[in-house]
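One structure is given here, and the rest of the page talks about it.
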Amino acid sequence: MNILPRDFYDHNAEQVAPKMLGKWLVHRVDGIDRIGRIVEVEAYVGPHDLAAHSSKGRTARTEVMFGEPGHAYVYLIYGMYNCLNAVTGPGEHASAVLIRALEPVSGIEGATNGPGRLCRALSIDRSLNGHDLLGGVLYIARPEGRQTRFKVVAGPRVGVDYAGDWVHRPLRFTIEGNPFLSRR
């Protein structure tokens with residue numbers, strides 16, 4: 001597999017997010033690769049985006065978002081669900097792309113249609129917060145071989161009703177018609 005290079009992530013989250021669709025998320029657990037095809041993502045475009053965690057400023061929780069692109073930002077919601085984001089740029093811009101749903105490819109048991117579910121199915125937790133996505137046990141890669149073409153659909157993000165003018169912006173990207181998309 002071709003692991004995505006740092007410069008892939010070193011762009012605005014709104015540009016990176018749709019390009020992540022169709023890529024493979026890989027987490028190696030006990031020597032076994034758990035692989036899922038990314039089918040749904042959301043862009044959080046920086047501190048000016050009222051739905052982005054970075055809009056609250058630099059905190060212990062968001063520190064990784066203010067760092068180098070291409071790292072994992074893993075956080076806990078509702079006290080029970082981990083969510084995985086890829087930190088994006090440009091530079092140290094404090095933006096990220098939330099991975100919302102996967103189509104299972106290999107080694108995955110359990111549902112992957114939602115950010116908490118996919119983290120549970122791939123055994124992704126906060127111990128991976130700050131992990132460099134350019135290698136090691138957790139990474140995103142271009143699958144080898146010829147890929148099936150698909151249509152990208154943009155729409156509003158899920159669960160950001162508190163975000164003022166940002167609520168309806170089309171920053172959620174999906175592979176049209178994919179059966180593994182999260183529920184709305």
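The values are calculated or read from the model by the stated rules, or taken from the named source; none is laboratory data. What you see is a predicted model; the values in this text were computed from it and never measured. With ideal geometry, Cβ positions are generated from the backbone for all residues, glycine too; neighbour counts draw on all protein chains shown. Calculation scope for accessible area: heavy atoms of the full protein, side chains included, ligands and nucleic acids excluded. Shrake-Rupley method; radii C 1.70, N 1.55, O 1.52, S 1.80 Å.
Listing for the model above:
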| quantity | calculated |
| --- | --- |
| Tail fraction, Cα-Cα pairs, the stretch 110-184, threshold 20 Å, whole percent | 53 percent |
| Accessible area in square angstrom per residue, the chain, 1.4 angstrom probe | 48 Å² |
| Cα-based Kirkwood hydrodynamic radius, the stretch 76-145, one decimal, Å | 13.2 Å |
| Heavy atoms of residue 180: accessible area, 1.4 Å probe, square angstrom to 10 | 80 Å² |
| Selected from 148, 88, 62 as most flexible by GNM, with the chain as the system and alpha-carbon contacts under 10 Å | 148 |
| Rg(Cα) / (2.2 N^0.38 Å) computed for the chain, rounded to two decimals | 0.93 |
| Column: log10 I(q)/I(0), Debye, Cα scatterers of the stretch 9-57, q = 0.20, 0.23, 0.28 Å⁻¹ | -0.77, -0.85, -0.97 |
| Ordering of 77-84, 122-129, 38-45 by packing [mean C-beta count within 10 Å, highest first] | 38-45, 122-129, 77-84 |
| Global form of the stretch 144-184, assessed from the alpha-carbon gyration tensor, a/c cut-off 1.5 | prolate |
| For the stretch 36-134, average projected area of the Cα convex hull in nm² | 6.1 nm² |
| Cα-centred dipole magnitude for the chain, charges only on beta-carbon of K, R (+1) and D, E (-1), debye, nearest 20 | 440 debye |
| Listed residues 107, 159, 116, most fluctuating in the chain (Gaussian network, C-alpha, under 10 Å) | 159 |
| Percent RCO, i.e. relative contact order, over the stretch 1-50, from Cα pairs under 8 Å lying at least 6 residues apart | 34 percent |
| MRE, 222 nm, helices only [DSSP H, n ≥ 4, -39500 (n - 2.57), over the chain, to nearest 500] | -2500 deg cm²/dmol |
